[in-house]
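The values are calculated or read from the model by the stated rules, or taken from the named source; none is laboratory data. All values reported here derive from a predicted model rather than from experimental measurement. FYI the Cβ positions are ideal-geometry reconstructions off the backbone, even for glycines, and counts take in every protein chain you see. Note: areas computed on protein heavy atoms with side chains; ligands, DNA, RNA excluded. Shrake-Rupley method; radii C 1.70, N 1.55, O 1.52, S 1.80 Å.
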Amino acid sequence: MATTTNLTTTYAGIAAGEWNLKAFLAAETTKHITVKENVPGKLKVRRLTDSATTFADQTCDFTPTGTVDIDERTLTLVDLAMQRQLCTLTFLQDWEALAAQNGELGSVADALIATMAGNIGAIMETMIWQGTAGSGSFDGFQALFTADATVLDVATPVAITDANVVAEIATVISTLPVRVRRAPEKPKLYVASNVAEAWRNAQSALGNNNLFQSGDAIRMTWQGSYDIIECPGMGDNVMVFAQASNLWFGTNKESDMNNIVVLDQRNVTGAKNVNFSADFFAAVQYGRGNEIAFYKP
């Protein structure tokens, strides 16, 4: 299906030289989990577990005991694309008339590139958490966690409000085993935007609002121990408590999602179209379900 260009404008002079672009969700999640680049289709990550909880008595002989489990986890990339096409004739009676007459799209091309890049980031942010496998998509963390019985589901999750957010976060924290909470790599609490808003409101009500008046330098934390990461792509009321090294975002080249190829078709097919194409690979996976606390009403 060709790209539909909905043109609503009135020509009454010269162009202002700028475009107003749609706001998109911030692509925050990949900054706070493990990004695995240059994945050749599939990535096998081997896992080793030693189940020992006690020591053995010393003897003169070498006496091995205990159990060591070795298995693997597979991260499988999905081939994705976003493609658009603009016809120069569309703009012959619009603000970009002179550029269209010359076979160019001028600033509208830059505006479309910026919009596509923003759209890709926003869609990816949502897909990382809420994606479901199918055409042009992959299973996000929420679908993967829901299907895995080893993931630590938080008991009796509810809709988050300013009044209950502190207590509910405490429940999430306590669900993760102490061995993970006190590991050298501290886990992070990933929360939906409505949870983050409730947290900020609750802190203000507790008299801690001064913490949120100093700009981005102030991080949200749980009692100074664990970073709280707002993930705009999460579903409402969802929280995940895990180590960043246990949550994976896989791709071929991360830069591909910001690399939009512009192909002028005049010298290719003679058509008065300009094609815009972004092609990339992506998927998510995690290592150990029993080291992830998952809160989803």
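How many of the residues in segment 244-259 are surrounded by fewer than 17 Cβ atoms within 10 Å (Cβ to Cβ) and either among the small types (G, A, S) or at pLDDT 85 or above (or both)?
Looking only at that region, the number is 2.
Looking at segment 212-243, which of its residues are of a type in the set (S, T, N, Q) and at pLDDT 85 or above?
T221, Q223, S225, N237, Q243
How about segment 277-287: which of its residues are under 17 Å from R84 (Cα atoms) and open to solvent by less than 30 Å² (accessible area, probe 1.4 Å)?
Selection gives S277, A278, F280.
Which pairs have Cβ atoms under 8 Å, sit 6 or more apart or on different chains, and link a residue in segment 27-39 that is modelled with pLDDT of 85 or more and in a helix (DSSP H, G or I) to one that is open to solvent by 40 Å² or more (accessible area, probe 1.4 Å) and not hydroxyl-bearing (S, T, Y)?
What qualifies is T30/E254.
For segment 45-67, does any single residue satisfy the condition of being part of a strand (DSSP E or B), modelled with pLDDT of 75 or more and either more than 30 Å from A27 (Cβ to Cβ) or open to solvent by less than 70 Å² (accessible area, probe 1.4 Å) (or both)? Step through it out loud before you land on a result.
Looking only at segment 45-67, we keep the residues that are part of a strand (DSSP E or B), and these are 45-50.
Filter once more, so that each one left must be modelled with pLDDT of 75 or more: none.
There is no residue in segment 45-67 that is part of a strand (DSSP E or B), modelled with pLDDT of 75 or more and either more than 30 Å from A27 (Cβ to Cβ) or open to solvent by less than 70 Å² (accessible area, probe 1.4 Å) (or both).
Here are V262, V274: which of them is open to solvent by 60 Å² or more (accessible area, probe 1.4 Å) and at negative phi?
Testing whether each residue is open to solvent by 60 Å² or more (accessible area, probe 1.4 Å) and at negative phi leaves just V262.
Going residue by residue through segment 134-141, is there one that turns out to be touching a residue at least 24 places away in the same chain (Cβ under 8 Å), closer than 30 Å to D279 by Cβ and outside any loop (DSSP other than H, G, I, E, B)?
Yes: one or more hits.
Within segment 68-99, can you find the residues that are in contact with an Asp or Glu (Cβ under 9 Å, 6 or more places away or on another chain), of a type outside the set (S, T, N, Q) and at pLDDT 70 or above?
V68, D69, D79, L80, A81, M82
Taking segment 216-243, which residues are open to solvent by less than 60 Å² (accessible area, probe 1.4 Å), charged (D, E, K, R) and either in contact with a Lys or Arg (Cβ under 9 Å, 6 or more places away or on another chain) or without any contact (Cβ under 8 Å) to a residue 24 or more places away in the chain (or both)?
The answer is D227, and nothing else.
Going through segment 142-158 one residue at a time, which ones are part of a loop (DSSP other than H, G, I, E, B) and open to solvent by 50 Å² or more (accessible area, probe 1.4 Å)?
Those that are part of a loop (DSSP other than H, G, I, E, B) and open to solvent by 50 Å² or more (accessible area, probe 1.4 Å): A149, T150, A155, T156, V158.
Across segment 288-297, which residue is farthest from T30 (Cα to Cα) among those that are in contact with a helix residue (DSSP H, G or I) (Cβ under 7 Å, 6 or more places away or on another chain) and surrounded by fewer than 19 Cβ atoms within 10 Å (Cβ to Cβ)?
First pass over segment 288-297, keeping only residues in contact with a helix residue (DSSP H, G or I) (Cβ under 7 Å, 6 or more places away or on another chain): 288, 291-296.
When the remaining residues are screened for being surrounded by fewer than 19 Cβ atoms within 10 Å (Cβ to Cβ), the result is 288, 296.
Details: R288: 19, K296: 21 Å.
Checking each candidate, the answer is K296.
Tell me which residues, restricted to segment 159-180, are open to solvent by 50 Å² or more (accessible area, probe 1.4 Å) and more than 26 Å from S204 (Cα to Cα).
Within segment 159-180, V178, R179 meet the criteria.
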